[in-house]
């Protein structure tokens, strides 16, 4: 379920790696195809208080948890929630079921099948601590691909494990991660830099036999966003691809 927030807003351009995902999700608003994540089995004694404390600290370590987007009025920007510092996690008890693990897996799959509501006030992640037995919990995480990937999920879970251990042992571990905001701005600036032009010229010289163009100036597809009264997105495509888009997405 989406969490609605009051934000102190900072905006910056999408990372180039986010643009295709953003656009594809915009064309398929109700699709869960970019939901990723998984679950981690926690076996043995769990100090839930310390675990939740470690979990809640994540936005101070990873600014990806503070990024919001807007597909209701698309602006192709990242909106950073500067005031978001503590995450929330729900707790669900499956231990009373005859098959706790089976029921938990069915529940998790159902959550993955639900698309995120994507606007400037909604988070693009969901977490739950599932009780399977007295000595077994599953940590469930669901994320939109706009904010992380499989590698990012592993980095986040490793942080959670080390932070939890730090709280249990009263030993401060150093944590330092590159802000995604910094990486996105740097990548966007590269596209307008002399280095980008030099790299482009290198590859143009390297690849002399170019494939047929997908994009052309002659054929246009205008896609109107229902929630926006005046805005539309206009793309130019080859005749074949323009016809495919219209047939695939917009013809009854």
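Odds and ends about this structure:
- Search result, residues across region 42-60 that are touching a residue at least 60 places away in the same chain (Cβ under 8 Å) and closer than 29 Å to residue 24 by Cα: 58
- Only one of the numbered conditions (1) within 30 Å of residue 170 (Cα to Cα); (2) touching a helix residue (DSSP H, G or I) at 6+ places or on another chain (Cβ under 7 Å); (3) part of a loop (DSSP other than H, G, I, E, B) is not met by residue 71, and that is (1).
- The condition of being crowded, with 18+ Cβ neighbours inside 10 Å, farther than 23 Å from residue 46 by Cα, within 22 Å of the chain's Cα centre (by Cα) and in the same structural domain as residue 37 (by TED's automatic domain parsing) does not hold for residue 112.
- Of the residues 46, 80, the single one that is within 21 Å of residue 158 (Cβ to Cβ) and surrounded by 15 or more Cβ atoms within 10 Å (Cβ to Cβ) is 46.
- Set 150, 38: member being under 17 Å from residue 15 (Cβ atoms), surrounded by fewer than 19 Cβ atoms within 10 Å (Cβ to Cβ), within 15 Å of the chain's Cα centre (by Cα) and touching a residue at least 24 places away in the same chain (Cβ under 8 Å): 150
- Evaluating residue 190 against the criteria (1) farther than 28 Å from residue 46 by Cβ; (2) in contact with a helix residue (DSSP H, G or I) (Cβ under 6 Å, 6 or more places away or on another chain); (3) surrounded by 14 or more Cβ atoms within 10 Å (Cβ to Cβ) leaves one unmet condition, (3).
The values are calculated or read from the model by the stated rules, or taken from the named source; none is laboratory data. Quick caveat, the model's predicted, so the values are computed rather than measured. With ideal geometry, Cβ positions are generated from the backbone for all residues, glycine too; neighbour counts draw on all protein chains shown.
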